[in-house]
Amino acid sequence: MERRGAPGKRRPAQSTPAPSSRSLRGAVVSAAIKLIHVAKRELRMDEDDYRALLLRAGGQSSAKALTPDGAQAVIEEMKRLGFKPVNRNGALTGPYAPKLVALWLSAWNLGVAHNRHERALIAFAERQTGISHLNWVRDQRDAAAVIEALKKWMARPVDKGGAGVEWPKAGDADGRANKVAVIAAQHRLLGLGERYVDSPAVRTGELDAIIAALGARIREAK
């Protein structure tokens, strides 16, 4: 027979245990290590100089062995050497941000990306480079990895999640040829014709307005 508690008495509610001080310290150090690795990349430090800095400022030759105070001391030393952390919630200001944002908006106007906001682009770039904010993408190789991933995504066949964009093979210094390629893909997606013929009467800046207008039609059709 089941025994019941005394009438009028309730069992105390079970509260979620607070995180231990050890887990909090671990989270702090983990976040600091990510920032240290970003600073190392931005300062273009070789491995020997990096290890020497860790030992000099943090008392350890490995970032994983740093204490919270040691990690903060390393970050402060890196700031002294020229590292400038950025606010994750701030505007994108990295040297490659304008081109990456333009490509992301193209993906959105092709119906490939479903979120136009910069935070979605930041998450995409992090998956490609391991760098947690576009403002920290300062190496040409990292930027190229994100650019190529975006272009390959848009170039995939429609039935494989892409838009079938046929990117120009030649150099495209002003970005015009890339914009024309996006408009041509939009025309195909909307059934407006297999080929879009560029006209010199249309200024390069006006192509963005065309892409945006066609993008709105593509999203309405979905």
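The values are calculated or read from the model by the stated rules, or taken from the named source; none is laboratory data. On a predicted model such as this, the values are computed, not experimentally measured, just so you know. For neighbour counting, all protein chains shown are included, and Cβ atoms are generated from backbone atoms with ideal geometry for every residue, glycine included.
Taking the stretch 54-72 as the range and being part of a helix (DSSP H, G or I) and either not polar (S, T, N, Q) or not assigned by TED's automatic domain parsing to the domain that holds V29 (or both) as the test, the residues that pass are L54, L55, R56, A57, G58, A63, K64, A65, P68, D69, G70, A71.
Residues that are more than 27 Å from the chain's Cα centre (by Cα), modelled with pLDDT of 90 or more and in a helix (DSSP H, G or I) are absent from the stretch 206-216. Being touching a Pro at 6+ places or on another chain (Cβ under 8 Å), assigned to a helix (DSSP H, G or I), at pLDDT 85 or above and of a type outside the set (K, R) is true of A181.
Scanning the stretch 116-151 for residues that are of a type in the set (D, E, K, R), closer than 22 Å to A212 by Cβ and modelled with pLDDT of 85 or more yields R116, K151.
Identify the residue in the stretch 9-67 that is among the charged types (D, E, K, R) and closer than 14 Å to F83 by Cβ and, among all such residues, is modelled with the highest pLDDT. The extreme case among them is D49.
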